[in-house]
């Protein structure tokens, strides 16, 4: 009996060693080309979940050595998937801040080991915000059925449901937004069944009816003021139109749009003629971090929807006085569509106030529908802007958000296959230079093979959202809602 | 002894006959429903798929049910699966009744839950996984009954209630009720009411506690059967309810030990259940939809002659049948000749609107016509919405269509994603691997008939349009490829069915051209003649067309009767009911009700 036990123990101990290739004596044959997701030479934060990946070709076994400054992971895998142990991974990257982790892959095919030249992953010093909140819905147009807003821990693979259509069937949920990346102040919209705007402030959740008699629709596309006393909204009348051919499947047309700012304490919607002109389309508001400027996209009104492909948005700004809740009398144009013939949308300013990222497409304000859409970066000091070539692809790049320390951005892109939107992260240094982006890590590298939902509206969060789907459901379904008032004289 | 054997044989004859009938029914009379059920799911023998089942109650029965449902793809596969699983159900119910002390003619009461299950299976929303759940909960009930020590039995019951909820979903209520009835009638312990309360509390609390994990509403969590059955109906629970009632009677009679009453009760209750089963079967099966699904299946194989033959044979009057009839006629070049020989619910017989007001079934089918017309982007839009509204957001048939669309559009990355999924299935693998050869391979695509053919008829230039602007896209298709005869016929018939004569005349003159004088198809002649008769046009406007003298004679007669009776359609219906003139004057579309047993659409004759 003891002999049997000893034999089993010996087998268990010796077996992994048998599966370990003789790495030191194997000559690297080439660069490792075939990994998915492409994590080669990316820059990652020191608190990101394991970058699990797979070899795209056939292989029987894989042996991997990931070595950092202080720690090393050596592990063999059967099949083609590399799944790092979470604790060891955290130790590895935590001990490799401002340094590289070198990953050496040996692949066994039909009993033969092949070693590839190692690739590096640079571990930055700057941590990324703990959570990412995003929406999952199936790619399609006009209608929806299943969707949800989820909160993902970026340090691990844990996902918490914020709201899901399984809990609120028939309800469209969108535009979750936090004040300064802190979900202690959160707003989100519900449409169709139990529609309304949900405002979550300091653990108090209430439903508000944002439409006043001076607005032609409910508020949408929110952006919080730094003080958390105001939320800028866009009010849109949106139609979807479809393309007869080509990769541009659909477009969302803003038939009319204005910008309003919700004064939470006064429960009033305020605006300015500069933000709600009849002859202009104003949308996607964004406050500067000091709260003194409101940026937005603005275009001249055209005959819609016929002339939609001629609608081009500029990035403009107007000053805002937080104390009086009033706007300046002049609009500045930061990036002009008249000069370039391009359309600029979704301005997002870094929390340190240094840079703005926005989308550039041929027309329109909803870049997720435009395959040519790219991200550009504007230096708010020099007012110069350029394409973020390192992070752009041949497919759509769209919604972008900044981490609270301004060093990381999360953006959505269809680059994986042209249809499904996914979330990527990129490091932005103090001079505004971007590094190669990486895909939101998933525990299973095969995750995207069978996942039929898109990820969109990525928003960083520094804390967990303090509510749950059933509480949201209860409030959303209640008849009690706060009716927002139109602007009174301040 | 001989009499006993005869009685046993007679006792077993009815179930045997019913099983044979059920197999024949599901194999030959309801097979298109089963085939369609297979398309609404996707079973991949991967760990991912297994793990995805864990995100809902009834994970084991769901997984097993999905595994078995994939065989519905095969001819007779669905019927065979239902036969075997329901046979197991019957045997296990029989065993349960024997175990509880019921011995007289056990075959007859034990067939009742099976009959009700067959009735429930008549709906797409009751998948075979629920039948598996039923078998599982009865099996666990038998295990429970076999435990002799009361204390161990009670503990086992308390453990099995939550376990069964996780494994088999809402049918765990059967186990809960069965063990409560067992304790009530078979236990003499003073604490039995405490045990009953304990079981009831566990059964109520467990689903409510797990609803957050499964993301269900309270009611959904208590009644969850499958992803296809999010809103459970009474009929979905009738198999379980029937067995609970039978068990209750058996236990009660065992308790009071009145043999006479036993037979009286069962004699009374069994016929009631047989009648209920029959009624459920009659109300839950949908033969109208079965016919439509048959048309759809034949159409998916491009067997248009067969579609047309069946359409004529069925003579249905609803927009889905009209949709397939019109498509078949267009494919066979018969649309403008025979349009009015078939039921036409205005233009909804040409295109199915794609919006949230439609049910998932119509949205699933709506992409077909765009695909055949060459409007692949609209087909994609409809297919994506079909996926979105599919009860499980996965649909093998629509995935295949999306592969085809994206190969035609050279969007190989998208096509590859769906191919990779299909390649992990047992029965769609071969199809997927054949399409994989087309990816990123223009030469192979050019050699493949359906790809090159479709690429020649897709619109040559882009156009922005709103949902439902059918005329715009048909015109674009024709301008891109004047040889697209189906698009021309669809446009002209759309104008006619929309009763837009000016548009019809304009489009006919524009797109129906020839150097020589042209003999027009029947319905186009009728359209032009009524345009002339109404004074919109003169005969000289259409000199380039040859009219059948018989048609000219007939419209004169039509106008005479129309005028003579003050436009009363009843005097025209007999002789002119199949003309466009009659449609033009008298067609009134009545709202089609959705769902089973809805009356057929009608074109009324009132003016």
Among the residues of region B:389-403, how many are at pLDDT 95 or above and either facing another protein chain (nearest Cβ under 10 Å) or in a loop (DSSP other than H, G, I, E, B) (or both)?
-> 2
Residues that are free of Cβ contacts under 8 Å to residues at least 40 places away in the same chain and over 18 Å from residue B:123 (Cβ atoms), drawn from region B:270-300 = B:271, B:272, B:275, B:295, B:298
Would you check if residue B:541 is closer than 16 Å to residue B:501 by Cβ and out of contact with any helix residue (DSSP H, G or I) (no Cβ under 6 Å at 6 or more places or on another chain)?
-> yes
For region A:422-432, how many residues meet the condition of being surrounded by 24 or more Cβ atoms within 10 Å (Cβ to Cβ) and without any contact (Cβ under 8 Å) to a residue 60 or more places away in the chain?
-> 1
Any residue at all in region B:404-415 that is away from chain A (no Cβ under 14 Å) and modelled with pLDDT of 95 or more?
-> yes
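Results for (1) modelled with pLDDT of 95 or more; (2) under 15 Å from residue A:20 (Cα atoms), shown as yes or no for each residue.
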site: A:52; (1), (2): yes, no
site: A:63; (1), (2): no, yes
site: A:68; (1), (2): no, no
site: A:74; (1), (2): no, yes
site: A:88; (1), (2): yes, no
Give region B:431-448 a look and list any residue that's under 18 Å from residue B:46 (Cβ atoms) and either loosely packed, with under 14 Cβ neighbours inside 10 Å or touching a residue at least 60 places away in the same chain (Cβ under 8 Å) (or both), or say none.
-> B:433
From B:385, B:373, grab the single residue that is at the interface with another protein chain (Cβ under 8 Å from one of its Cβ atoms), in contact with a helix residue (DSSP H, G or I) (Cβ under 8 Å, 6 or more places away or on another chain) and closer than 24 Å to residue B:475 by Cβ.
-> B:385
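Taking residue B:348, is it more than 26 Å from residue B:519 (Cβ to Cβ) and either touching a strand residue (DSSP E or B) at 6+ places or on another chain (Cβ under 9 Å) or not in a loop (DSSP other than H, G, I, E, B) (or both)?
yes
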Could you please let me know if residue B:463 is within 20 Å of residue B:379 (Cα to Cα), at pLDDT 95 or above and within 14 Å of another protein chain (Cβ to nearest Cβ)?
-> no
When only residues in region A:434-452 that are part of a loop (DSSP other than H, G, I, E, B), in contact with a strand residue (DSSP E or B) (Cβ under 9 Å, 6 or more places away or on another chain) and over 12 Å from residue B:417 (Cα atoms) count, which is nearest to the other protein chains (Cβ to nearest Cβ)?
-> A:444
Among A:156, A:120, A:165, which is closer than 30 Å to residue A:61 by Cα and either within 14 Å of chain B (Cβ to nearest Cβ) or in contact with a helix residue (DSSP H, G or I) (Cβ under 9 Å, 6 or more places away or on another chain) (or both)?
-> A:156
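Condition check: closer than 30 Å to residue A:243 by Cα, part of a loop (DSSP other than H, G, I, E, B) and touching a residue at least 24 places away in the same chain (Cβ under 8 Å). Does residue A:419 satisfy that?
Values: closer than 30 Å to residue A:243 by Cα: yes; part of a loop (DSSP other than H, G, I, E, B): yes; touching a residue at least 24 places away in the same chain (Cβ under 8 Å): yes.
Yes: the conditions hold for residue A:419.
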Within region A:30-74, how many residues turn out to be farther than 30 Å from residue A:403 by Cα and free of Cβ contacts under 8 Å to residues at least 60 places away in the same chain?
-> 14
Collect the residues in region B:569-587 that are free of Cβ contacts under 8 Å to residues at least 60 places away in the same chain, within 14 Å of residue B:531 (Cβ to Cβ) and surrounded by fewer than 20 Cβ atoms within 10 Å (Cβ to Cβ), keeping them in residue-number order.
-> B:585
Qualifying position, being surrounded by fewer than 20 Cβ atoms within 10 Å (Cβ to Cβ) and within 30 Å of residue A:398 (Cβ to Cβ), among A:104, A:100, A:114, A:56 | A:56
Filter region B:44-98 down to the residues that are within 14 Å of chain A (Cβ to nearest Cβ) and part of a helix (DSSP H, G or I), then identify the one that is modelled with the highest pLDDT.
-> B:66
Residue B:193 fails exactly one of the following numbered conditions: (1) crowded, with 21+ Cβ neighbours inside 10 Å; (2) more than 14 Å from every other protein chain (Cβ to nearest Cβ). What is the number of that condition?
-> (1)
Kindly indicate whether any position in region A:455-466 is more than 14 Å from residue A:136 (Cβ to Cβ), free of Cβ contacts under 8 Å to residues at least 60 places away in the same chain, in a loop (DSSP other than H, G, I, E, B) and more than 14 Å from chain B (Cβ to nearest Cβ).
-> no
Check every one of the helices (runs of 4 or more DSSP H) wholly within region B:301-342 and list those with 3 or more residues that are out of contact with any helix residue (DSSP H, G or I) (no Cβ under 7 Å at 6 or more places or on another chain) and free of Cβ contacts under 8 Å to residues at least 40 places away in the same chain.
-> B:304-314
Region A:381-416 - residue that is free of Cβ contacts under 8 Å to residues at least 40 places away in the same chain, surrounded by fewer than 24 Cβ atoms within 10 Å (Cβ to Cβ) and not in a loop (DSSP other than H, G, I, E, B) and, of those, nearest to the other protein chains (Cβ to nearest Cβ) | A:387
Would you pick out the residues in region A:84-96 that are surrounded by 17 or more Cβ atoms within 10 Å (Cβ to Cβ) and closer than 13 Å to residue A:47 by Cβ?
-> A:89, A:90, A:92, A:93, A:96
Filter pass, residue B:485 being closer than 23 Å to residue B:324 by Cα, more than 14 Å from chain A (Cβ to nearest Cβ) and modelled with pLDDT under 95 = yes
Of all residues in region A:75-102, which are in a strand (DSSP E or B) and either touching a residue at least 40 places away in the same chain (Cβ under 8 Å) or out of contact with any strand residue (DSSP E or B) (no Cβ under 8 Å at 6 or more places or on another chain) (or both)?
-> A:76, A:81, A:82
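Which one of B:363, B:269 is in a helix (DSSP H, G or I) and within 26 Å of residue B:383 (Cβ to Cβ)? Spell out how you get there, then give the answer.
Numbers: B:269 fails: within 26 Å of residue B:383 (Cβ to Cβ).
Among B:363, B:269, only B:363 is in a helix (DSSP H, G or I) and within 26 Å of residue B:383 (Cβ to Cβ).
The values are calculated or read from the model by the stated rules, or taken from the named source; none is laboratory data. Treat the numbers as computed from the prediction; the structure is a model and nothing was measured. With ideal geometry, Cβ positions are generated from the backbone for all residues, glycine too; neighbour counts draw on all protein chains shown.
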